[in-house]
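Colleague: Quick one: structure below, then a few questions.
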Amino acid sequence: MAEFDRQLKDHGSTIYGRSRTSFGPRIDYTLLLLLVALMATGVMILYSASGQQFTYVKRQLIFMAAGLVAMLVVGQMPTRFLERWAFVLYGGGLVLLVSVVFVGVGAKGAQRWLDLGGFRFQPSELMKIAVPLMLASYLGRRVLPPRFIVVMVALTMIIVPAVLVGVQPDLGTALLIFAAGSFVLFLAGLRKRYMFGALIVALTAAPLFWFYLLRDYQKLRIMTLLDPQSDKLGAGWNIIQSTTAIGAGGFSGKGWFQGTQSQLDFLPESHTDFIIAVLSEEHGFLGVMLLMLLYLALIVRGVFISLRAQTMFGRLLAGSITLTFFVYIFVNLGMVSGMLPIVGVPLPMVSYGGTAIVTLLLGFGMLMAISTEEKRMGQ
Amino acid sequence: MREDRVLKNTHWEARLYAVRISVAVLVLLIMMGALVWRYYDLQISRHDEFTTLAENNRIHVRAVAPARGLIFDRNGVLLADNRPGFTLSVVIERSAGIDQLLATIDQLIDLDDDEVERFKKFAQQRRPYESVPLRYKLSEQEQSILAVNQHRLDGIEVSARLVRDYPLGSLLSHVVGYTGRINQQELTQFDPTQYRGVHTTGKTGLEKYYEKTLLGEVGYERVETNARGRVMRVLERIDPVPGKTLRLFLDSRLQEIAVRALGAERGAVVAIETGTGGVLALASTPSFDPNLFVTGISHADYGALRDSPDRPLFDRALRGQYPPGSTVKPFFGLAALDSKVITSGYDIYDPGFYQLDNDKRKYRDWKRGGHGTRIDIYKAIEQSCDTFFYDIGYKTGIDDLHRYGTMFGFGLASGVDLPGEARGIMPSRDWKQGDRGVVWYPGDTVNVSIGQGFMLATPMQLAAATSHLANRGVVRTPRLVMSDVEEEIVSNTELTDASGSDTEILTINPVHWDTISDAMVAVVHNIRGTASRAVTGLDYKMAGKTGTAQVVGIKQNERYDASKLAKLQLDHALFIAFAPADNPRIAVAVIVENGEHGSSTAAPVAREVIDAFLAFYPLVDPGPETDIDSLSDSPPERATHRESEAEHRG
């Protein structure tokens, strides 16, 4: 143990050459700065997308503030603590997910919420953090690459909550949970033959999935993606209007508040899932590229933190959080621009929605804990 | 767990992780590249295409209906107006579901089945993005109810539209006509660019005849709308050009007097200003309220009008074809004189009937026992002697009767500027052969000689023929519209000079006009004249002729007994007149259906109209250029008249 520890310490100090002298709050300022910049951009777009109403902006700001506080609190936690108590969060989340099936409250045909005395809580959001945390905790302690039995246990840990969320039905969140968990497996060095095996299983399961598991509206979304014109005023409306808004933006956009698609209500869900179309229309290709650069910078920072992490748990968790963050971006930008079917995935830190922001910031809080712990150990 | 931990090679695992995350980042960058490519494709490569789509989304070109031209009478009395009315329309494409929307509207403002049915029928003719009217003439209360519930009513539009209004109601329904919604058939006939945004069109009367003049030109508006179709702002506007205003020769006061004089009778009055051919009054009773039709008449109202035995929808003045009876005598008398069959001195003995050679059939005179000896053309017209006209008509022959009858417009459309005019029948050999497939018999000529038999004429034709007679052969096509004016109308009681009317001179020996005119004056003014008892106390000279048209055929040796016949079988009463006789300015034809005798029922109607006309338009203060002589009955004036006509003949 001591041998390894020293080795790691040397490794850390020689490669990264950082040292920490103060005992103040553990804050990764680069990460914080990037997040604040992203949130500021998001609020700016939201103000226009919500029809210049301060009510949305105000509520978003409150959630952002709460999320930042939560992030900084989590950031102070020792990673070992997170690693040790991961199963409690995961297990608790699983219990809540099961209880949603029985006592959950619904909206728009989906049963996703638990009513906790006036406060609505969505356990599936919790699982977005709990699943990678649990897997990182489980795999971080195994010999890597993981053996078959370990892979099987890990897969079960992913699939059970993903299916529970998927049947709510909330395909977008299920997908993200699955992705978050899979990333941990992949980063933990999952052997190629397992990956191929999974691919073959996935391909054979796909038709069964289509015919037995997907609901009609979900099939319709996929069909609509292939041919939006087939149902112009129904399912295709969203895609047609959003691609129109994006395309009409051109290189530099029509200007803040000047997007006709956005301001004249042609664009559906313009302040939530489809907010990128507002940015695209009003700030053009340039605006989209700048936002993507900001995202990329955050991802690079995340990858950087994961590489510097002192434990496998830290690496796996940081890597998974970062990659999942990218999945959010990719799925959202892809679906709004008509590349992917419409699944309800918001644009991280930009779309209106408190839960998503708090969840994301909790994830970044763990990232921050990992990032700053490395520094402390490097002392 | 312990074993695992012991066996873990942390350094090797860190490298494994580094490899894996690198692969992931590589994939991530490729995916990001795909996103960049996608946004580049949409925003840069296909920018123009989507700009067009976005513009089409937000910008709509709306047609702005022009205001329909107004119609005034000759004195500037408004006959057809446009009034703002609030219309509820629905754009089906924008509603969440049309049946549901209609149900919601029904809860708020009761819709009747007629409206819904009409709406659905109408909706089939329009494209889903076009607004379809559901209810016209929303009350203020209904407007506010709809406004309050706007959020529940996606797809509705409340718009102010001009609705045609006829202030004088039933007085001029057969003349002015009415507008109504464009129907399926009209939709296919009209040029859609001219009617974009226009929902109504002239259906009858002047509204139909002058549709193109009244319509105006459609304007356009480029508007920005939101996704719900609400107009956010107007970007560009090309104003519509309002339809032209029509000014009529008609005097609504005379019209009213004519209608009132007809009272409860079924009948028609046509009054023509002889100097212009302008129609002064054109009445057909009973009538109906044209305002009922403008926004769509209800089934019940329409059924009542259609099924009424008095047929109020039927325009008797223009479409009623009646045997003209004795009112043709002046014209056929003229025919006999001009074709030199008789002279003004020719006379007969009237035993009360007429017989053709080798024919036992007796053509009876209306007066049992006859009019006695020395009945000449003068007395024959004065007393309406049938026997005389049987005789001269037969002598003139159907060919000449037809020729002269046609000259005066019998059997031809008068050419008045109204749609759907009936042509009547001026029988001839060819007509009978073609229409009935039978040769002409001499007896047919005898019947036609007194305006019976096959002959039919409309009140309009009779009035026009009377006007030509009054004008001594100057034929002026009757016209309703004096001009289309764009400027403010100046109230003007002066008579207009002969304007755009077609003028033609009949080639008739001028001497005969006096003979006929004098005889017609005798009808009214001589003690033995058929209208003398009905028309008394005139302060001007009126030339007239009574007529009675048989409704039921009377068999040989049978007497006409009015008391035995039901009202609907009574003879039609006719009267034609012009006045003043020595300087005619107005010609009138009146028919009272089942009015029995022209003298007793029709003549007083004509007299009231003429009285009023002469009172309204007195010949005062003749200027230096006015022909003073025309006021008097002096021979030199006559001479000049003849000369001028002779010139025309030459």
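The values are calculated or read from the model by the stated rules, or taken from the named source; none is laboratory data. The structure presented is a predicted model; accordingly, all values stated were derived computationally and were not measured. Quick reminder, even Gly has a Cβ in these numbers, built from the backbone with ideal geometry, and neighbours come from all protein chains shown.
Colleague: Give the stretch A:273-293 a look and list any residue that's crowded, with 19+ Cβ neighbours inside 10 Å and more than 7 Å from chain B (Cβ to nearest Cβ), or say none.
Modeller: Across the stretch A:273-293, the qualifying residues are A:273, A:274, A:275, A:276, A:277, A:278, A:279, A:281, A:282, A:283, A:287, A:291.
Colleague: Now a separate question. Across the stretch A:271-306, what is the total count of residues that are part of a helix (DSSP H, G or I) and closer than 25 Å to residue A:56 by Cβ?
Modeller: Count: 19.
Colleague: Still on this structure, I have one more. Against the condition within 14 Å of chain B (Cβ to nearest Cβ), modelled with pLDDT of 60 or more and either more than 19 Å from the chain's Cα centre (by Cα) or surrounded by fewer than 18 Cβ atoms within 10 Å (Cβ to Cβ) (or both), how does residue A:51 come out, does it pass?
Modeller: When the stated conditions are applied, residue A:51 passes them.
Colleague: Taking the residues in the stretch A:208-257 that are in a loop (DSSP other than H, G, I, E, B) and at pLDDT 85 or above as candidates, determine which candidate is nearest to residue B:50 (Cα to Cα).
Modeller: Among them, the one singled out is A:250.
Colleague: Looking at the stretch B:401-420 only, could you name the residues that are surrounded by fewer than 21 Cβ atoms within 10 Å (Cβ to Cβ) and in contact with an Asp or Glu (Cβ under 9 Å, 6 or more places away or on another chain)?
Modeller: Hits for the stretch B:401-420 are B:413, B:415, B:420.
Colleague: Exactly one of (1) under 17 Å from the mean Cα position of the chain (by Cα); (2) within 14 Å of chain A (Cβ to nearest Cβ) is unmet by residue B:203. Its number?
Modeller: Only one criterion in (1) under 17 Å from the mean Cα position of the chain (by Cα); (2) within 14 Å of chain A (Cβ to nearest Cβ) is unmet by residue B:203, namely (2).
Colleague: Examine the stretch B:224-244 for a residue that is outside the structural domain of residue B:604 (by TED's automatic domain parsing), among the hydroxyl-bearing types (Ser, Thr, Tyr) and under 19 Å from residue B:481 (Cβ atoms), and state whether such a residue exists.
Modeller: no
Colleague: In this structure, is residue A:269 more than 21 Å from residue A:180 (Cβ to Cβ), acidic (Asp, Glu) and surrounded by fewer than 24 Cβ atoms within 10 Å (Cβ to Cβ)?
Modeller: yes
Colleague: What do you reckon, is residue B:77 under 27 Å from residue B:243 (Cα atoms), of a type outside the set (Ser, Thr, Tyr), in contact with a Phe, Trp or Tyr (Cβ under 9 Å, 6 or more places away or on another chain) and in contact (Cβ under 8 Å) with a residue 12 or more places away in the chain?
Modeller: In short, no.
Colleague: OK, next. Considering only the stretch B:83-103, state which residues are charged (D, E, K, R) and under 29 Å from residue B:67 (Cα atoms).
Modeller: B:83, B:93, B:94
Colleague: Here's something else I'd like to know. Among the residues of the stretch B:432-439, is there at least one that is outside the structural domain of residue B:206 (by TED's automatic domain parsing) and under 26 Å from residue B:599 (Cα atoms)?
Modeller: Scanning the stretch B:432-439, I find no residue that is outside the structural domain of residue B:206 (by TED's automatic domain parsing) and under 26 Å from residue B:599 (Cα atoms), so the answer is no.
Colleague: Please go through the stretch B:37-62 and pick out each residue that is over 18 Å from residue A:333 (Cα atoms) and either of a type in the set (A, V, I, L, M) or within 7 Å of chain A (Cβ to nearest Cβ) (or both).
Modeller: B:49, B:51, B:53, B:54, B:57, B:58, B:59, B:61
Colleague: Out of the stretch B:421-443, which residues are over 15 Å from residue B:457 (Cβ atoms) and surrounded by 13 or more Cβ atoms within 10 Å (Cβ to Cβ)?
Modeller: B:429, B:432, B:440, B:441, B:442, B:443
Colleague: Please verify whether the stretch A:328-336 includes one or more residues that are in a helix (DSSP H, G or I), surrounded by 20 or more Cβ atoms within 10 Å (Cβ to Cβ) and touching a Phe, Trp or Tyr at 6+ places or on another chain (Cβ under 7 Å).
Modeller: Yes, the stretch A:328-336 contains a residue that is in a helix (DSSP H, G or I), surrounded by 20 or more Cβ atoms within 10 Å (Cβ to Cβ) and touching a Phe, Trp or Tyr at 6+ places or on another chain (Cβ under 7 Å).
Colleague: Kindly indicate whether residue B:178 is closer than 24 Å to residue B:122 by Cα and either exposed (fewer than 15 other Cβ atoms within 10 Å of the Cβ) or of a type outside the set (A, V, I, L, M, F, W, C) (or both).
Modeller: Judged against the criteria, residue B:178 is a match.
Colleague: Among the listed residues B:18, B:14, B:34, B:24, which satisfies the condition of being within 14 Å of chain A (Cβ to nearest Cβ), in contact with a Phe, Trp or Tyr (Cβ under 8 Å, 6 or more places away or on another chain) and over 30 Å from residue B:176 (Cβ atoms)?
Modeller: Exactly one residue qualifies, and that residue is B:24.
Colleague: Here is a check on your reading of the model: is residue B:136 within 30 Å of residue B:287 (Cβ to Cβ), at pLDDT 80 or above, surrounded by 14 or more Cβ atoms within 10 Å (Cβ to Cβ) and among the hydroxyl-bearing types (Ser, Thr, Tyr)?
Modeller: Taking the combined requirement at face value, the residue does not satisfy it.
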